[in-house]
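In what follows, a structure is listed as structure tokens, so that the remarks can point back to it.
Every read-out reported here was derived from the displayed coordinates using simple, explicitly stated rules and does not represent laboratory data. This is a predicted model, so every value here is computed, not measured. Here Cβ is always computed from backbone atoms with ideal geometry, including for glycine, and neighbour counts include all displayed protein chains.
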Amino acid sequence: MIVNYWFVAILIIAIYLLSSIKILREYERGVIFRLGRVLEKPKGPGIILVFAPVDRMVRISLRIETLEVPSQDVVTHDNVTVKVNAVVFFRVIDPNLAVLEVSNFLHATSQLAQTTLRSVLGEVELDELLSNREKLNARLQSILDRHTAAWGVKVAMVEVKQVELPEQMVRAIAKQAEAERERRAKVIHAEGEHMAAERLAMAAAVIQQQPVAIQLRYLQTLVEIGTENNTTVVFPLPIDFLNSLGGLVRKDKKEDAA
């Protein structure tokens, strides 16, 4: 009878010891509370012993967590209402602080990210929100990291995913872009006309110094017309004949005036 008692006692002790064995993965750490007091260093990875009910263990993952911030209604500095959502990448670097300083670091980080997103984006104008996305991401990451450092959490990166604009604002931005492109087209066209006028003035100066150049240009024009498949009839007239005719007309005018 006594042997049976010893066998039962040994079996209970063996089961207790087996149940005390815990296995932590490489990315996990165990925060141990012994009689209500936390141990100085977290346990793991590998095999550890947790003697319940004296010890109580809280598992903490050291991998990077992805937190999606839901869409937030933000009023920008220039009074434009937009919907903005973001994603936050963070990891636990001190398991003891993540357990002792905050009851639920995931929920706390999520709420902090939402409020920070609204406050930071509310201080900028719409154009800056759409164009300087990287600068705003760095500012959000810096603010979140500064506040979560006391919780043993390191914010690695913050990215603003999508900015939803009202339909009226989308149409206004489209009109603005269209007007900007029309302005550029008109400026480019005016610059082209200015450059063409300068080239024509230079060509006129060269022709004035060399009168034969106008005849060469006249012959080149005839060649270009002749190469096209058209029914245009061209009657070439010598330039000298036109000059002589113009001289006779001027002479007659002078005689009539005399």
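Below are the figures for this structure:
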quantity: Estimated FRET transfer efficiency when R0 is 45 angstrom, pair THR115-LEU200 (beta carbons, to 0.05); calculated: 0.10
quantity: For the range 114-125, 3J(HN,Hα) per residue [Karplus equation, 6.51 cos²θ - 1.76 cosθ + 1.60, θ = phi - 60°, Hz, x = Gly/Pro]; calculated: 5, 5, 5, 4, 5, 5, 6, 6, x, 8, 10, 8
quantity: Cα-based convex hull, the range 112-161, per residue volume (Å³, whole number); calculated: 67 Å³
quantity: Packing-based order for 89-99, 175-185, using average beta carbon neighbours within 10 Å, highest first; calculated: 89-99, 175-185
quantity: Residue order, fewest to most beta carbons within 10 Å, for VAL158, VAL50; calculated: VAL50, VAL158
quantity: Built amide H within the under 5 Å cut-off of GLU125, gap 5+; calculated: HIS77
quantity: The range 65-165: Cα Rg divided by the 2.2 N^0.38 Å rule of thumb; calculated: 1.09
